[in-house]
């Protein structure tokens with residue numbers, strides 16, 4: 001194990017002038033080539049995440065080029081299978097849910113000639129009247145909306161929107177291809193990069209090299225995020241299944257798996273994801289029975305409280321090892337700079353940046369500004385005799 005050399009001392013004049021100018025220059029350049037910086041940052045994160053898998057294949061005597069190809073083809077196959085499974089489930093369940101909603105607001109039952117939606121609105125209005133809330137009149141407006149509701153038209157508009165969004169995927173796919181190409185080149189030369197960094201900045205005895213530190217930090221973040229998504233998705237799915245089984249939210253048990261998977265997927269989006277995941281089940285319950293939407297809202301409120309006070313502190317604290325304020329600032333800055341995509345890579349980028357900071361903090365020190373230090377410029381000191389003259 002090579003022994004680290006002496007620390008690099010940064011003079012005070014560089015701290016005062018050079019470092020601020022360097023930060024401003026880096027910010028201006030990054031803003032000018034923002035998309036290229038984003039592509040290379042994501043490519044580097046992907047390469048660091050996949051490099052341990054490539055090294056594992058190399059240990060069983062698979063050439064690095066073939067190892068990279070095997071890893072990427074395996075991920076591509078898994079992604080295709082996952083997309084096909086999710087698409088099949090969403091299309092099937094979506095059509096079933098659309099038929100159910102259509103029947104709920106259009107099919108007239110019995111001698112009353114009312115639909116289930118109109119009957120539920122009358123029941124809700126009666127509950128308001130019985131509890132001294134008769135001034136809140138919703139029967140007329142709701143029944144008029146239900147009578148004029150064009151569920152098929154809404155469904156058609158939603159499908160048209162999805163078709164239009166599919167066109168925008170081409171831009172996304174182009175960026176994705178660039179990221180894959182960049183990450184492949186980085187993976188192929190990762191050993192060379194790591195060796196060059198280790199020669200210039202050898203790790204201290206008993207510590208990890210820089211690249212290994214970054215890989216370890218990113219792996220910890222991914223494990224924590226996947227565990228968090230699994231916990232929250234399972235909690236939401238089980239909760240909705242119980243509500244449906246108990247009859248508090250009709251049909252929720254049939255869609256518990258779909259809603260739970262959606263909650264687990266949106267949980268990957270920091271801060272905003274948990275609330276996005278609760279919208280589809282809440283809207284479903286609101287359409288099926290407005291009263292049942294209250295149970296769904298209470299369920300997700302309880303899940304979010306458990307997530308914020310128990311799950312995240314215990315799961316993500318060890319994964320990121322960052323102060324919550326820094327995490328919030330990173331998310332806001334990432335969203336401000338590059339939208340939702342910037343927010344998505346903010347946390348893994350912060351995890352990797354922390355590993356870099358810890359590595360170089362052992363090698364770089366700032367010259368002290370305490371009194372009694374060496375004065376950086378020469379001055380002429382006037383003696384008492386000269387002052388007397």
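The values are calculated or read from the model by the stated rules, or taken from the named source; none is laboratory data. Source: prediction; values computed, not measured. Here the Cβ is made from the backbone with ideal geometry for all residues, glycine too, and neighbour counts use every protein chain on show.
Considering every residue within segment 216-237, establish whether at least one is farther than 30 Å from residue 335 by Cβ and free of Cβ contacts under 8 Å to residues at least 40 places away in the same chain.
The answer is no, given that none of the residues of segment 216-237 is farther than 30 Å from residue 335 by Cβ and free of Cβ contacts under 8 Å to residues at least 40 places away in the same chain.
Considering each residue of segment 331-347, count those that are over 12 Å from the mean Cα position of the chain (by Cα) and crowded, with 18+ Cβ neighbours inside 10 Å, and give that number.
So the count comes out to 1.
Please specify each residue of segment 238-250 satisfying the condition of being touching a residue at least 40 places away in the same chain (Cβ under 8 Å) and surrounded by fewer than 20 Cβ atoms within 10 Å (Cβ to Cβ).
The answer is 248, 250.
Residue 83 versus (1) farther than 26 Å from residue 355 by Cα; (2) surrounded by fewer than 11 Cβ atoms within 10 Å (Cβ to Cβ); (3) at pLDDT 75 or above: which is the lone unmet condition?
(3)
Of all residues in segment 23-35, count the ones that are touching a helix residue (DSSP H, G or I) at 6+ places or on another chain (Cβ under 9 Å), surrounded by 11 or more Cβ atoms within 10 Å (Cβ to Cβ) and either under 15 Å from residue 338 (Cβ atoms) or at pLDDT 80 or above (or both).
In the first step, residues of segment 23-35 are kept if they are touching a helix residue (DSSP H, G or I) at 6+ places or on another chain (Cβ under 9 Å); the result is 29-31, 34-35.
Cutting the leftovers down to surrounded by 11 or more Cβ atoms within 10 Å (Cβ to Cβ) gives us 29-30, 34.
Filter again for either under 15 Å from residue 338 (Cβ atoms) or at pLDDT 80 or above (or both), leaving 30, 34.
Number of matching residues: 2.
With (1) at pLDDT below 85; (2) out of contact with any helix residue (DSSP H, G or I) (no Cβ under 7 Å at 6 or more places or on another chain) as the list, and residue 315 as the residue in question, which single condition is left unmet?
The number of the failed condition is (2).
Out of segment 289-324, which residues are under 30 Å from residue 220 (Cβ atoms) and not in a helix (DSSP H, G or I)?
Within segment 289-324, 321, 322, 323 qualify.
Has segment 258-277 got at least one residue that is more than 15 Å from the chain's Cα centre (by Cα), free of Cβ contacts under 8 Å to residues at least 40 places away in the same chain and farther than 30 Å from residue 354 by Cβ?
yes
Looking at (1) surrounded by fewer than 19 Cβ atoms within 10 Å (Cβ to Cβ); (2) under 21 Å from the mean Cα position of the chain (by Cα); (3) assigned to a helix (DSSP H, G or I); (4) modelled with pLDDT under 85, can you tell me which one residue 286 breaks?
(2)
Can you tell me how many residues within segment 37-71 are surrounded by 11 or more Cβ atoms within 10 Å (Cβ to Cβ) and more than 21 Å from the chain's Cα centre (by Cα)?
Here the count works out to 17.
Looking at segment 204-215 only, could you name the residues that are in contact (Cβ under 8 Å) with a residue 40 or more places away in the chain and either assigned to a helix (DSSP H, G or I) or crowded, with 20+ Cβ neighbours inside 10 Å (or both)?
Across segment 204-215, the qualifying residues are 210, 211, 213, 214, 215.
Which residue out of 327, 296 is surrounded by 15 or more Cβ atoms within 10 Å (Cβ to Cβ) and modelled with pLDDT under 80?
Just a single option satisfies the conditions, and that option is 327.
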